Amino acid sequence: MKSKIEIQRVEKSKIDSVDFDNLPFGSVYSDHMLECDFKNGEWQTPVIKPYSPITLDPSAKIFHYGQSIFEGMKAYKDADENMMLFRPLENCKRLNKSAERLVIPPIPEDIFMEGLTKLLEVDSDWIPKNEGSSLYIRPFIFASGNGFHASPADAYKFIICTAPSGAYFAGKVKVLIEEKFARAANGGVGFAKAGGNYAAQFYPTQLAIEKGYNQVIWTDDNTHQFIEEAGAMNIFIRINDTLITSPTSDRILDGITRKSILQIAKDAGISTEVRKISVGEVVEAAKNGTLKEMFGTGTAAVISPIAGFGYQEKDYDLPELDNPFAAQLKKQITYIQTNKAKDFYGWRVFV
Ligand code: PLP
Ligand code: COI
């Protein structure tokens, strides 16, 4: 970084207007944000400033060609006021993987990490301590440079905003296995956290919601025979006592929660398999009673149990188990994230 990060503080904090006992997900924003410009071929020194609107030219390329990528992370606080992040460098690396695919200049690790750390120090009072709540962190980069020429922009903005948040889903979700639409294709941008991937999900998801489901289970774009992701989460399927998840590919986001859960499950003695899993196998397992659990994993939702799924106009319910893997694994990962358990993996990073 060329110089010290400048901090412009709010005149009056909004924090007293926030009900920390009833936090929604991602719609109440902390006092400050970090903003950093890419211009003249390099990233400038970021500033931390009051959370405020951004002014852009109508010809900014983000509006026309969708060069936009983001990350999702969380900060936690324990009873002793220690502030923690979970595997933050993984988010920085993935942001830069997404950046490469969308021809966005990579963000230097020191800007990402020092910027984030300083922002969290400035807004430390905004990190919730209640169980089930955390400070959701949204780093993002978009093309702020102008022009209708369909080519990469010459200017970008990297911003980090934070939002004290409660649960993403209120309870178990009912999902629809997708037979027609796809969120990603071979050779496409599915592995990147590109804004456009989510825009492409809205229409099929809306159709599923109209039919009474909460989310779509994405299948491969070619045959729709293989299970890929669960909405904006990776998916785990338990058949008998084996936990199965699809391998990552250029269609699937390499989720940080997914790989952490795989590791925790293995170390807890749970049999795990990373392999392609067909819709036929899941339907068959539901019919013969060997399908025990399905759940999604992601930063926002942590672990979201699935109550049942729809496929070819039929609904299949999952059994109610006494001590499901989903609950056991959720407890373990959140205990690591919130400093309630020993972190043998070195995943927890104190701010
Ligand atoms: N898959 C998609 C499409 C996502 O948007 C997310 C959310 O970040 C995930 C999976 C889970 O990734 P992570 O566990 O890194 O949050
Ligand atoms: C996350 O889990 O952090 C995500 O980015 C998913 C998002 C669509 C809420």
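The values are calculated or read from the model by the stated rules, or taken from the named source; none is laboratory data. Since the model is a prediction, treat every value here as computed from it, not as a measurement. Every residue, glycine as well, gets a Cβ built from its backbone with ideal geometry; the counts of neighbours run over all protein chains shown.
The one condition from (1) away from ligand 2 (no atom under 14 Å from the Cβ); (2) touching a residue at least 60 places away in the same chain (Cβ under 8 Å); (3) closer than 30 Å to residue 84 by Cβ that residue 163 does not meet is (1).
A residue that is closer than 30 Å to residue 127 by Cβ, modelled with pLDDT of 95 or more and touching a Lys or Arg at 6+ places or on another chain (Cβ under 6 Å) occurs nowhere in segment 164-181. Scanning segment 77-91 finds one or more residues that are in contact with an Asp or Glu (Cβ under 7 Å, 6 or more places away or on another chain), closer than 24 Å to residue 169 by Cα and part of a helix (DSSP H, G or I).
A quick yes/no check of all residues on (1) assigned by TED's automatic domain parsing to the domain that holds residue 310; (2) away from ligand 1 (no atom under 15 Å from the Cβ); (3) among the small types (Gly, Ala, Ser); (4) within 23 Å of residue 324 (Cβ to Cβ):
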{"site": "208", "(1), (2), (3), (4)": "yes, yes, yes, no"}
{"site": "214", "(1), (2), (3), (4)": "yes, yes, no, yes"}
{"site": "226", "(1), (2), (3), (4)": "yes, yes, no, no"}
{"site": "250", "(1), (2), (3), (4)": "yes, no, no, no"}
{"site": "269", "(1), (2), (3), (4)": "yes, yes, yes, yes"}
{"site": "276", "(1), (2), (3), (4)": "yes, yes, no, no"}
{"site": "287", "(1), (2), (3), (4)": "yes, yes, no, yes"}
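To keep it simple, each residue is scored yes or no on (1) assigned to a strand (DSSP E or B); (2) of a type in the set (Phe, Trp, Tyr); (3) more than 24 Å from residue 184 (Cα to Cα); (4) at pLDDT below 95.
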residue: 250; (1), (2), (3), (4): no, no, no, yes
residue: 257; (1), (2), (3), (4): no, no, no, no
residue: 260; (1), (2), (3), (4): no, no, no, no
residue: 273; (1), (2), (3), (4): yes, no, no, no
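Take the conditions farther than 17 Å from residue 254 by Cα and away from ligand 1 (no atom under 16 Å from the Cβ) and apply them to residue 147. Does it pass? Taking the combined requirement at face value, the residue satisfies it. What do you reckon, is residue 254 exposed (fewer than 14 other Cβ atoms within 10 Å of the Cβ) and among the acidic types (Asp, Glu)? So residue 254 does not fit the description; no. For segment 122-139, the tally of residues that are surrounded by fewer than 21 Cβ atoms within 10 Å (Cβ to Cβ) and within 16 Å of ligand 1 (Cβ to nearest atom) stands at 1.
Filtered by the rule that a residue be assigned to a loop (DSSP other than H, G, I, E, B) and within 16 Å of ligand 2 (Cβ to nearest atom), segment 277-313 gives 299, 300, 301.
Only residues that are within 16 Å of ligand 2 (Cβ to nearest atom), crowded, with 17+ Cβ neighbours inside 10 Å and in contact (Cβ under 8 Å) with a residue 40 or more places away in the chain were counted across segment 77-98, and they come to 9. Considering 71, 81, 90, the condition of being at pLDDT below 95 and under 24 Å from residue 338 (Cβ atoms) is satisfied by 81 alone. Out of curiosity, is residue 74 surrounded by fewer than 17 Cβ atoms within 10 Å (Cβ to Cβ) and within 16 Å of ligand 2 (Cβ to nearest atom)? The answer is no for residue 74.
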